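Here's the structure we're looking at; comments come further down.
The values are calculated or read from the model by the stated rules, or taken from the named source; none is laboratory data. Note that this is a predicted model, so its numbers are computed, not measured. Here Cβ is always computed from backbone atoms with ideal geometry, including for glycine, and neighbour counts include all displayed protein chains.
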Amino acid sequence: MTEKLVVIGAGMASGRVLEHLFESAPDAYDVTLFGAEPRGNYNRIMLSPVLSGEKTYEEIVTHDAGWYAAHGVICRFGEAVTGIDRDRKVVLSEAGETPYDKLLIATGSAPFIIPVPGKDLPGVITYRDLDDTNAMIAAAEKPGGRAVVIGGGLLGLEAAAGLKLRGMDVTVLHLMGHVMERQLDPTAGHLLKADLESRGIRVHTAANTHEIVGTDRVEAVRVDAGTEYPADIVCMAVGIRPETTLAKAAGLACGRGLHVDDKMVTSDESILAVGECVEHRGMCYGLVAPLYDMAKVAAKTLAGAEGAYEGSLTSTKLKVTGVDLFSAGDFADADDREEIVLRDAARGVYKRLVLQANRIIGVVMYGDTADGAWFFGLLKDGTDISEMRETLIFGPAYAGGTPLDPMAAVAALPDEAEICGCNGICKGQITSAITGGATTLDGVRQTTKASSSCGTCTGLVERLLSVTLGDAYAAPAAQPMCKCTDLTHEDVRRLIKSQELKAMPAVWQAGHWKTSCGCHVCRPALNYYLLSDWPDDYVDDGQSRFVNERNHANIQKDGTFSVVPRMWGGITTPDELRAIADAADKFSVPTVKVTGGQRIDLLGVHKQDLPSIWADLNAAGLVSGHAYAKGLRTVKTCVGTDHCRFGTQDSTGLGIKIEKAMWGSWTPHKVKMAVSGCPRNCAEATCKDVGVICVDSGYEVSVAGAAGMDVKETEFLAKAETENETLDLIMAFTQIYRENAKYLDRPYKWVAKVGLDWVKERVVDDLDNRAALVARFKHSQSIYQVDPWAERANDTVTEKWSPMADLTLEAAE
Amino acid sequence: MNAQTETWIDIGALDDIPVRGARVIRTRVGCVALFRTAKDEVFAIDDTCPHKKGPLSEGIVHGKAVTCPLHNWVISLETGLVKAPDEGSVQTYPVRVSEGRVQLDPAQLAQGAGA
């Protein structure tokens, strides 16, 4: 026996149910279809192209009267259903009663009208059906017409774009902070807004509509801030709500929408529902894909087959010609989520994947959405993407398979692939810089800024150089810092500064260290970089220092140590000499030697005696000479005007002042200085890291000399007129060296890398910068200028310098 | 002494050894260095680098290895073996931490000396 199926609502959802039903069980039901609109079924989501004029109504019709007739459906279009009598199983309408065995409710949704004054004025239209669309098309025929669209969601923006294409002057008012906030993150929202504005559509976000102004028809829209936007029509597109009036009146269970189970059956087993009117597992849907999923299941249920709808993951594309936008899933930030982002600001490309436990849970794409479907597939399937994570963001063309040869991978990147995240530089910009003449890493850095901030992309940039130039590119000898990392010292210094990394574990994490706690190569360097860059925050790690700096004495080949007290500027006194002699006697120091830096060296002190000998020397006013430090060693002087008949200035006094200002400062490598009182240069200032030659008219400061494995004369930095200016120049030079040099590069090596002109610009020419460098140096000194001997000369510390236990007697049992 | 039973003797508190550092103990067979890693593991090895007798206790501790302070040979604290490309080995000794105290087996120490 053929049952009677009554369908309320002739939209896309019910149309799809009937299609499926007629395929699987063509003769199961006599079907009666009620539709509020006086026409058949059309593809509602294609209304936007109709509005914009890119399609006609005829092109978007899916089921016309002929189709329904061919399947024996009795169509009652334009006839409003007024009620459902579930006890008697009849549908009530203007024409009377229609009995049913099964009822399918597909009443869709109704546009949400915000309850503001003037909402009922003529000229205020919603954007839901063909009538709305035609009303807007008619309004747009008036030349110079102005439209205000309230709502910057999917529908509102499509309406705005359509009206703009129809020649109207369009303003969008959106309540939230960025457009399409349910589908887009703020970045993509911003790109979209910029894109719309470039099409001449004004977009005002955070604009709460206060009133629609007009006497007998709409004239303007006023927002909370008081601004009025003149309007000939107002399109209200703030959202939709499930249309459940009939269902509620019939006593069916409803929440936001009409409740259905997984078989699309309502609380009455004879009544099914599909589409935007339903609420399934707490979700209401306003997009077409879930409707189609529901329709399949409803058709099966009606045909007596098994089927279950388990909810839909939805993706969104904005149907505005020329705007490529795709979003799917959940893309809010959360602690357990990670993200992969690709940006090309210049071309308006933005791709963001939100990952949770190695699975994609959210996708936002803007500007280039070609891979949207692929990402959405991975999202829906819950695919584990850990294997292809490196290239995931570049889409299916680069994903999976064997790990790519790094060169091929770089060569295969699209031009808009972002290489430098810090500066937002993409591959195309870099390759054009390279072909434009920037054939070295530094050249690329100077031209594009790529790799000049944190440096993590340096490897990529070098590969680009190599790919672009081929054999013409000679890779620099940029060695990784150590085997724990691929980053160079320079990369790490940039990383520490740009990401404000203030602890070693933070650097290991950010720099992708391959070891758990570094090694003897990187740890001392990192310790220096961190204490140099963050004097206030970083706590010096003694266990990351070389033995000499840890013990504040120089280890000798037999494991004993040498002790060198500071003699300021090489000046000493009989009392100090007596104290040194006494200490040498007391601790049986085998060798006492005068050093090249005008100090006295006590060699052969046992480790456990160090704190005691320091205590004795401290008592005589002597402090650590830092003869062991990557820091200021000595300031060597001649006797100057005090005694010398050729002396032009007080070289000894200046040397002492310099030493008093600079002692205790940690530097990338040791720093030796000297002050000579005249150009005869008895203090040998012209082979030091910093040397001062006094002349009648002032002080000639030169830097970057060497007298070790390399011998090199200093280079002239600047001439100062006063001692204070000399001191400032020296402090500024030392500080810029501290902030920029690679660990274990003496100043002469570092200056050779950056160029003396680079240094001069910042230390000599730019007086503000010089002052800033001096201030930073002094600040660091306020923290680090402490005598390590005094700190360690007390008794409790002394224990740690002795053996922990003596088993020589114990084991003799 | 009964070779079948382990007799552990107390050396001192774990906290007496700096993290990623070392302390030395004197024994009949020379100085032995007790190392404490970042993960609070403790190892005991001879305090003498096989290269030029550098005091390993003064080296930088990283992972389960120490770098000799004199010429940067890297020695495994677990095995006493010198890491390539250098060659050699250092005697290791059983050591344990019990209730925050570092304990050594003196018998093993004597055997080590004989080995």
May I ask you to list the residues in the stretch A:304-320 that are in contact with a strand residue (DSSP E or B) (Cβ under 9 Å, 6 or more places away or on another chain) and among the hydrophobic types (A, V, I, L, M, F, W, C)?
A:LEU313, A:LEU318
From the list B:VAL32, B:VAL61, pick out the single residue that is within 11 Å of chain A (Cβ to nearest Cβ), closer than 22 Å to A:GLY559 by Cβ, in contact (Cβ under 8 Å) with a residue 60 or more places away in the chain and out of contact with any His (no Cβ under 7 Å at 6 or more places or on another chain).
B:VAL32
Out of all the residues in the stretch A:660-687, which are of a type in the set (Gly, Ala, Ser) and more than 15 Å from A:VAL786 (Cα to Cα)?
A:ALA674, A:SER676, A:GLY677, A:ALA683, A:ALA685
Please verify whether A:GLU725 is at pLDDT 95 or above and not hydrophobic (A, V, I, L, M, F, W, C), treating the condition exactly as stated.
yes
For the stretch A:264-287, how many residues are within 47 Å of the chain's Cα centre (by Cα) and surrounded by fewer than 17 Cβ atoms within 10 Å (Cβ to Cβ)?
4
Being of a type outside the set (D, E, K, R) and assigned to a helix (DSSP H, G or I) is the filter here, so list the residues in the stretch A:641-669 that pass it.
A:THR641, A:SER651, A:THR652, A:GLY653, A:LEU654, A:GLY655, A:ILE656, A:ILE658, A:ALA661, A:MET662
Check B:ILE75 against each of (1) assigned to a loop (DSSP other than H, G, I, E, B); (2) modelled with pLDDT of 90 or more; (3) among the aliphatic types (A, V, I, L, M) and name the one condition it does not meet.
(1)
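Condition check ((1) away from chain B (no Cβ under 14 Å); (2) crowded, with 19+ Cβ neighbours inside 10 Å; (3) of a type in the set (A, V, I, L, M, F, W, C)) across all residues:
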position	(1), (2), (3)
A:GLY542	no, no, no
A:MET567	yes, yes, yes
A:ARG578	yes, no, no
A:ASP585	yes, no, no
A:THR591	yes, no, no
A:LEU602	yes, yes, yes
Could you list, in sequence order, the residues of the stretch A:26-70 that are part of a loop (DSSP other than H, G, I, E, B) and under 57 Å from the mean Cα position of the chain (by Cα)?
A:PRO26, A:ALA36, A:GLU37, A:PRO38, A:ARG39, A:GLY40, A:ASN43, A:GLY53, A:GLU54, A:LYS55, A:THR56, A:ASP64
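Kindly indicate the residue of the stretch A:473-510 that is within 11 Å of chain B (Cβ to nearest Cβ) and outside any loop (DSSP other than H, G, I, E, B) and also nearest to A:THR667 (Cα to Cα) among those meeting that condition.
Of all residues in the stretch A:473-510, those within 11 Å of chain B (Cβ to nearest Cβ) come to A:482-484, A:504-505.
Then drop every residue that is not outside any loop (DSSP other than H, G, I, E, B), which leaves A:482, A:504-505.
Details: A:CYS482: 20, A:MET504: 18, A:PRO505: 22 Å.
Only one residue tops the list, namely A:MET504.
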For the stretch A:779-796, indicate whether the set of residues that are crowded, with 19+ Cβ neighbours inside 10 Å and either modelled with pLDDT of 95 or more or under 38 Å from the mean Cα position of the chain (by Cα) (or both) is non-empty.
yes
State whether one or more residues within the stretch A:749-757 are within 34 Å of the chain's Cα centre (by Cα), farther than 22 Å from A:LYS670 by Cβ and exposed (fewer than 14 other Cβ atoms within 10 Å of the Cβ).
yes
Which pairs have Cβ atoms under 9 Å, sit 6 or more apart or on different chains, and link a residue in the stretch A:116-144 that is assigned by TED's automatic domain parsing to the domain that holds A:PRO49 to one that is in a loop (DSSP other than H, G, I, E, B) and loosely packed, with under 13 Cβ neighbours inside 10 Å?
none
Which one is surrounded by the fewest Cβ atoms within 10 Å (Cβ to Cβ) among residues in the stretch A:630-654 that are among the basic types (Lys, Arg) and either within 30 Å of A:ASP540 (Cβ to Cβ) or modelled with pLDDT of 95 or more (or both)?
A:LYS630
Would a scan of the stretch A:171-191 turn up a residue that is under 23 Å from A:ALA138 (Cα atoms) and among the β-branched types (Val, Ile, Thr)?
yes
Going through A:ARG645, A:ARG599, A:ARG680 one at a time, which residue ends up being outside the structural domain of A:GLU715 (by TED's automatic domain parsing) and basic (Lys, Arg)?
A:ARG599
Taking A:GLU549 and the conditions (1) surrounded by 15 or more Cβ atoms within 10 Å (Cβ to Cβ); (2) away from every other protein chain (no Cβ under 14 Å); (3) within 17 Å of A:HIS626 (Cα to Cα); (4) charged (D, E, K, R), which numbered condition does it fall short on, given that it satisfies the others?
(2)
What pairs come up if the first residue lies in the stretch A:1-28 and is within 10 Å of A:ASN41 (Cα to Cα) and surrounded by 15 or more Cβ atoms within 10 Å (Cβ to Cβ), the second is at pLDDT 90 or above and among the polar types (S, T, N, Q), and their beta carbons are under 8 Å apart, counting only those six or more places apart or on different chains?
A:GLY9/A:THR107
Given (1) modelled with pLDDT under 90; (2) surrounded by fewer than 18 Cβ atoms within 10 Å (Cβ to Cβ); (3) more than 9 Å from every other protein chain (Cβ to nearest Cβ), where does B:ARG101 come up short, assuming only one miss?
(1)
Residue check for A:ARG746: surrounded by 24 or more Cβ atoms within 10 Å (Cβ to Cβ) and among the basic types (Lys, Arg)
yes
Single condition A:GLY72 does not satisfy, out of (1) out of contact with any Ser or Thr (no Cβ under 6 Å at 6 or more places or on another chain); (2) surrounded by 16 or more Cβ atoms within 10 Å (Cβ to Cβ):
(2)
Among the residues of the stretch A:529-536, are any in contact with a Phe, Trp or Tyr (Cβ under 8 Å, 6 or more places away or on another chain), closer than 30 Å to B:HIS51 by Cβ and within 14 Å of another protein chain (Cβ to nearest Cβ)?
no
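Can you tell me which residue among A:ALA160, A:ALA188, A:ALA207 is modelled with pLDDT of 85 or more, within 35 Å of the chain's Cα centre (by Cα), surrounded by 23 or more Cβ atoms within 10 Å (Cβ to Cβ) and not in a strand (DSSP E or B)?
Among A:ALA160, A:ALA188, A:ALA207, only A:ALA160 is modelled with pLDDT of 85 or more, within 35 Å of the chain's Cα centre (by Cα), surrounded by 23 or more Cβ atoms within 10 Å (Cβ to Cβ) and not in a strand (DSSP E or B).
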